[in-house]
Structures are given as C-alpha cells and as structure tokens.
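In what follows, a structure is listed as structure tokens, so that the remarks can point back to it.
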Amino acid sequence: MTEREVVLDVPVQPPTDLFLPIPKKFLEEAYRGDDYVVLVGPQHPGSGHMRLILRIKGDVILEAIPDPGYVHRCMEKLAENRLYIQNIPLFERPAIMDTGNVTLGYVRAIENALDVEVPERAKYIRMILAELSRIGTHLYDAGILAVFLGHTTGFMWPFALREPIVEAITRISGVRVTSSFIIPGGVRRDVPWKTLEFVRKTTFVLEKRLKSFEKIFIRNPTVIERLKDVGVLSKEEAIKFGVVGPFLRASGVEYDVRAVEPYEAYDSVSWEIPISDHGDSYSRFLVRVEEIAQSISIIRQAVNELRSMPEGNIISEDILQEYSEVASSDIRGFFFKVFGNLVLPSGEFTSLTEAARGTLLYSIISDGESNIPYRARVITPGWYYLKGFMEALRGERLADLQAIYGSFGYFPPEADR
Amino acid sequence: MDDSVDFLNSGIFAPFKKWGTKWSLWPVHLVTACCGVELAHAYASGYDGERLGSLNYGIARQTNLIIVEGAITRKMARVLKITYEQMPEPKFVIVMGACGLKGGLFWNGYHMVRPSDVVPVDFFVPGCPPTPESLLRAIRALQDKIMSGEARSTIEFEKYDLSGIKARSEQPLVPPSPRYCSPTPPIKLDVPRDVDWEFGEKLVEEMKSELKGLYKSITITDKNRIAIHVEKKDVVTIASKLSKKFDHVKNVNVIDIPHEDSFIVEYQLSSYSVKELMPVIVNIFARIPRSDARFPSLTVFWPSADYLEREMYDLFGIWFDGNPAMGERFLLAPDTPEFPLRKDRKLREEQYYEEVKQ
C-alpha cells in the first residue's frame, strides 16, 4: 500500500493562547509531522500535579516536556526572611512523609557551619527516625505506583503498613507526619525505652506483612508485566542526566550518600546498598523494596545500640551553652532562648543527605552577621531526577506512561519546593 | 429544562436526590500539596473513608467534590478553577490544611493564592496537616449540610467576656522578633577551613596545575568541598577540562548582592563514575555585574544542569547563553512578579497576629 496524503477541509491551527511552556516551533513541527501533542495533567487520575507535554507518533512517545511548578511554594525566598530555627518546619514541607531525612539535611548543614558535635545517643535516634521515614516513603510510593497501575489492593496494603510507622513516629515525636523533631545539636526529646521497644516490634510486624504484600503486589504477574523492561535508563544515561537515589542504583551505579559521605551513625551499623543492572521500572521498584529490608535491619541495630547507652544526653552542649544544665534533657521552654539568635559564620555550607527518593542538597550561604540565611538553596531528589524521568519516557508507549511515572515515585510537592 | 431541574431539586423526589448525593461524595484527584499524604491515609484501610460513601475518582466530569489539599499556587489556581467548572452540579469544596485557610507557613509567599478566592468553599479543615479523622469529620459535616441545607461549624468555642480584664502593660504580649538582617554584608563563598583531608590537598594541587592561569583562587572550604573562584570568560574552558573528571552537576545557584552590584553564579560539580571523587563537591563560581546578567550555559558539558539553569532564569533572571529554553517561564505562573528571588523584591513583613475584622 502506498502512502497518500490526506487533506482535511477542517481548518486546524496550532493553538496560540494556551499557556504552555513549549516553543511554538515545537507545536508547528508536530503538526506538520502528523504527530499528536498530548497534554497529561495537571489534574490527572494519578497522584501529584504536574503537566507532561508529550509528542506522540502512533502511540510511541517521541519527546516529553515537563511543566512543573504547580506546587512551587517559594521556599527559598521565605527561608531568606526567617530565622534559622524557623526554617526547620518550612524545609520539612516538601516531603512531609519523609520528615526524618528532610529535616536532617538542613540541620546538618547548620551543625557543620557551627562545628557542633552531636551526642551519640541523638545520632542513633535521628537515624531511627530517618530510616522510619525512608520505609514510610517507599511504602507511600509503592501505594501510588499501585494507583497508577489501577491496582486498588496494592494501594491499600502499603498504606495499612504505613500505619504502624506513623504510630511509631507519633510515639517518638508526638505528631503523625510533620515531626520537626531533629534540631541543631540533637533531637527535641529523649526517646524512652518503651517507645524504642515499640519501634523494634514494629519492624517485625512490617517484615511479616511485607511478605504478604510481596505475594499480592510485588510478585504479581500483572505488575511484573506492566513494569518489566519499561522505561529503561542505562547506566550512562543515568549518570549523564544526574539521576539520584534508588533510581540511580537501579541503573547500576553504586552511589549512596550514607556510604559515600557517612553521617550520623551510618558507618557504625552494617548494611548493604541494593543495586540492579537493568534500569527498568521494575528494578527501580525492587531496589526500593530491598531498601526497606535494609532499613529494618538498620533500625534494629540502632535500637540495640541505644539499649546500652545512658539516657538523657541528647542535645550538644556546644549549642546549649549557658542553658546546658536546665535544657539538656528537654529543650521545651528554652527553644527561643537557645536558638533565637543563632548566627552562622560567613561562608557557604553544603550538606548532602540520602533522603528516601535520593540525594537532597542544602546549601546555606551566610554573611556571618545576620541571624537569617543570606541565601538558602535546597534541591530535592524529585527535582534532580526529573530530567532522567523525561528521558526514560522517550521511545516508550503512551500506555506505559503511568507505569514509568509511578516507578519514579515522582512527588511534585517535593520536586517544586 | 429549568423546570425539570427545579422539579428534581424541590419536587417529591428531592429527598431521594439529597440522600443519594449525601452517600456519593466523590472527590476528584487533585493532590495540590503535601496534605495529600493524610488524604491518602483517610481513604486507605486504616480509616476507610469509603464507608462514608466517599471515594477518590480520577476524572472531574464524574465527580462532585474537590478536596483542596493545602497550598494553592498561582499556577494551580487556574487548574483548580477549570477543574471546578468541569464538574457537574451539585458540587462541593473542602479545603484541608492551614495553607488553604490563611496561608499557613507560606502566607507571604510570592506564588501563593488562597483557595477561597478561587472557588466557593464549604468547609475548612485546620491543621498542618490535619489528621485523617478531621478530614472525615469534614465529610460528615458536608453530608449534614446536604441534608439540612445549612453549613454548621463542627466545633463551638466557649466565649469569655474579657472586657473587665485590664492589660498588664501597653506593650503587646508577643515579644518582638529577634530577626536581624545586615543591610550590606560582605558575601564570601571561599572561606578557608582547616580540615584533615589529604586527598583534597592532592586534588587541589592537581587542579592548580591543570587549570593554570584560569582561576583566581582554589580553596578547601570544608572536608570534601573545594571552591574555585574564576572569571566569567574562563568558565567554559574550565568546564571542558573538569567535565572529564566530574560527570554531573549537583547544584546551580545564584546569589544576588545588590549592594556590590553583582550576582554570584555557582556550579557545584560531583562525580558518579570515579569512586574517590564521589563525596567531593567542586564549586566553580564567578561574579557577574547586575546590569549584564548573562552567563554561558554549561549544559553542553553537563546535561543535568539543564533544569537547574532554567529554574535560575525563572527566579533570578540570569540568562544562560546556549540553553535553548531561556526566556520562558518554567516553575512560575505567567502572572507571577518577575524574578522574585532578587533581593530587591521584598515580601510582606512578618506579623504575629492579625486584627480580626468585626
């Protein structure tokens, strides 16, 4: 059959007044090349809000252009206008389910600037909180992946599994998600032995229920069919586009900030970096499932370590100074006095943290005079891997878009800040 | 047509219609911000929002409830309006979270909008974030509203007569903010620091011989952190030399210093492929005059810098020569004030309490 030109009488013009962040040339080229331009979102049946502008030939995605910023909440500007200590809850908001890791990054940048050594007990408590949030976030992403695949049971299970984690965080800090528990120099309160025992028991519950989740969702043939060999990012591509976290490790790069530049007590517990060589959606998911097992192991080791430590010393004396007598075991009531007039020395202080979804960078630029940051830069993992996500879409079928989107666990509030 | 609608709303079948609406409140998927975490919990097995006849659904055309989860940005406000207008009558709006009420943490942000300015709101759920219980309480309140026709607050506060109490002093009880902002501070990115880092000293020596004559100074600012001060004209040459070792960009940052009439543009580089260089962050920075805010784009060497450069154009208006997407908004809505992160764009001043209008 020979190709023939189809002439339509309908006057079709490339749209001009949609506020699309794409060049007019792109639309015109697509129009001339007989391709479709499909807009996905911002309101779409998945979770989170961003617009994807896809150029499609048949049903193969030729190019994907992101339109982020629907949840851009001006964090960097607001941080320049607030005290260092007021920025802890602010910087927690990008990813509230990952509360331990996001606050840890910011607090570590401040501690690095002030040269504060954190007490050993506080380090382990922080590590437990960070790993609990990591498990919670991975389960959240697994649930969202299930929503994207239309697998309702796969959504219900991880969210039921999240309940004991939320309960553990509540018992440690007092709130369900936004704990703001980690402060410069340590943590807000000591964690009593009873709570630590609850955390340890929670890990066994998680382990047991994860086995059933594995049968229901992870090893489910339909899930494997949807995810396997879809959205492949090779090792070279992943490095080139600066992908981070589990998504980088799924492409075969052994990079984890916890191992590369150890912070807290990660160098004194034993754990492994799960990696995969395939780089497809399924391995991106499996790497995170394996990370949950590693996190559980880290939490158990940390609880065992805390058993032999004396209770009480949880905030560094360098930061408390004259209040070290009264506030060392409980900072409540002295917050304003201790942290109100925190001034960082002049210079730039960059901290890297391995948040659940990948590298989290805080860069604080201080002038050495004001008690607010001159400039605070935060780059969340979602913003890092957005480029890699777009490249993974290229050459895939439109029907696989959901699987790839879900496998990246892209969370716009986190990416847009 | 209008007659039949009137008949449906007030005829003999009206109670049945109300009853049907009450038990089929379907919120559309519109996860606007972080409160979505608690919304997901409310509809998952722990709290089971479905027992109230409420179930999240994908498409606006078949739903009748919007749950606004927290902050609404200028960009999202338009989408919220469009989604609201797509939904068939009767339709309801519940706003979750402190951001949706009065702005919450982000109240003076340049990109924020209150949802009550965009769509008519039936119920507010306070909290940051509200618990799943309080969200389900709002859904129960909405069901009551559908049946009774009037919206009632689910919490009544006791009122106390304060007229007899004298204020202790003329001063307000809230202490003034200790915030101090230096008006013209010197900004220095390469403050040297004494650290025990042998590999770093070796690396600096290597760089000094490799980049001979191209840099102003190379400083170790911390363990694993190296700062290279360069001129704008040499940036591309330096990037081409460093790109062999450092394969990705960790950060593109701009610092606005109006009192020195300059911007500092910095690129923080790191490596995934060389094991020893993995923790190292090399910071190349250059000062450019504020009047000529142009900088060569380094996306040729590091494609990972692309979106970071576009973000910096959005926020600061630095034109990265060579990046094809310059001149277009990326993160910000078209009606946002231009280049909001420059220091001369001021936010509204902090205030502890707001006078209640009577």
Local charge sum around A:VAL107 (other residues, Cβ-Cβ under 13 Å, Lys/Arg +1, Asp/Glu -1)? +1
Relative to the Cα centre, what is the charge dipole magnitude of the stretch A:75-416, using +1 at the beta carbon of each Lys and Arg, -1 at the beta carbon of each Asp and Glu, and rounding to the nearest 20 debye? 1220 debye
Part-to-part distance (alpha-carbon centres) for the stretch A:277-293 and the stretch A:110-170, which is given in Å: 17 Å
The stretch A:356-370-the stretch B:101-146 distance, computed between alpha-carbon centres (Å): 31 Å
Hey, got a sec? Which trypsin sites (Lys or Arg not before Pro) in the stretch A:371-414 land in a DSSP loop and have at most 15 other Cβ atoms within 10 Å? A:ARG394
For helix A:120-149, report the angle its Cα long axis makes with the longest principal axis of the Cα atoms of chain A; keep it between 0 and 90° and round to the nearest 10°. 20 degrees
For the stretch B:50-64 and the stretch B:190-249, write down the distance between their C-alpha centroids in whole Å. 56 Å
Most mobile of B:SER116, B:SER262, B:SER182 in a GNM of chain B (Cα contacts under 10 Å): B:SER182
Calculated log₁₀ intensity ratio I(q)/I(0) where the Debye formula runs over C-alpha points of the protein assembly as shown, q = 0.09 Å⁻¹: -0.87
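Taking the Cα centre as origin and putting +1 on Lys and Arg beta-carbons and -1 on Asp and Glu beta-carbons, what dipole magnitude results for chain B, to the nearest 20 debye?
Values: 46 positive and 49 negative charges, 18 e Å.
Magnitude of the dipole: close to 80 debye.
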Which of the lysines could a cross-linker bridge to B:LYS22, judged by Cα under 26 Å and excluding same-chain residues fewer than eight apart? B:LYS81, B:LYS91, B:LYS145
In debye to the nearest 20, how big a dipole does the stretch B:216-292 give about its Cα centre with +1 on each Lys and Arg Cβ and -1 on each Asp and Glu Cβ? 360 debye
Dividing the mean separation of Cα pairs under 8 Å (6+ apart) by the residue count of the stretch A:75-416 yields a relative contact order in percent of 28 percent
Measuring from the longest principal axis of the C-alpha atoms of chain A, the long axis of helix A:281-307 (C-alpha) lies at a number of degrees, nearest 10, equal to 10 degrees
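Percent relative contact order of chain B, based on C-alpha pairs within less than 8 angstrom and at least six residues apart?
Values: 565 pairs, mean separation 38.1, N = 358.
Worked out over chain B, it gives 11 percent.
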Select from the stretch B:280-341 those GluC sites (Glu not before Pro) which occupy a DSSP coil region and have at most 11 other Cβ atoms within 10 Å, ordered by residue number. B:GLU338
Select from A:GLY154, A:GLY136, A:ILE314 the residue farthest towards the positive end of the dipole of chain A; place +1 on Cβ of Lys and Arg, -1 on Cβ of Asp and Glu, and compute about the Cα centre. A:GLY154
Among B:ASP48, B:ASP144, B:ASP194, whose mean-square fluctuation peaks in a Gaussian network model of chain B (Cα, cutoff 10 Å)? B:ASP194
Do you know the Lys pair count in the stretch A:75-416 for C-alpha distances under 28 Å, with sequence separation 8 or more or different chains? 17
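So what is the relative contact order of the stretch B:204-293, in percent, for Cα pairs below 8 Å that sit 6 or more residues apart? Don't jump to the answer; show the numbers that get you there.
Values: 159 pairs, mean separation 24.2, N = 90.
Computed value for the stretch B:204-293: 27 percent relative contact order.
Would you compute, from DSSP H runs of 4+ residues alone, the mean residue ellipticity of chain A at 222 nm, taking -39500 (n - 2.57) per run and dividing by the full residue count, rounded to the nearest 500? Please list the in-between numbers first.
Details: 18 runs with 197 residues, N = 417.
Computed ellipticity for chain A at 222 nm equals -14500 deg cm²/dmol.
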Let me check I've understood the local charge: for A:ALA403, count other residues with C-beta under 12 angstrom from its C-beta, Lys and Arg +1, Asp and Glu -1. What total comes out? -1
Using only Cα atoms and rounding to the nearest 10 degrees, what angle (0 to 90) does helix B:306-316 make with the longest principal axis of chain B? 80 degrees
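Considering only DSSP beta bridges whose two residues both sit in the protein assembly as shown, what percent are antiparallel, to the nearest 5? List each step's numbers first, then the result.
On the way: 56 of 76 bridges.
Just about 75 percent of them are antiparallel.
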Find which of A:VAL260, B:PHE16, A:LEU361 sits farthest along the positive direction of the dipole of the protein assembly as shown, computed with +1 on the beta-carbon of Lys and Arg, -1 on that of Asp and Glu, about the Cα centre. B:PHE16
Go ahead and set up a Gaussian network model of chain A, Cα springs under 10 Å, then flag whichever of A:ARG300, A:ARG188, A:ARG32 fluctuates most. A:ARG32
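Taken together, the values in this text are just the output of simple stated rules run on the coordinates, not laboratory data. Nothing here was measured: the structure is a model prediction, and the numbers come from that model. Please note: Cβ atoms are built from the backbone with ideal geometry, for glycine as well, and neighbour counts cover all protein chains shown.
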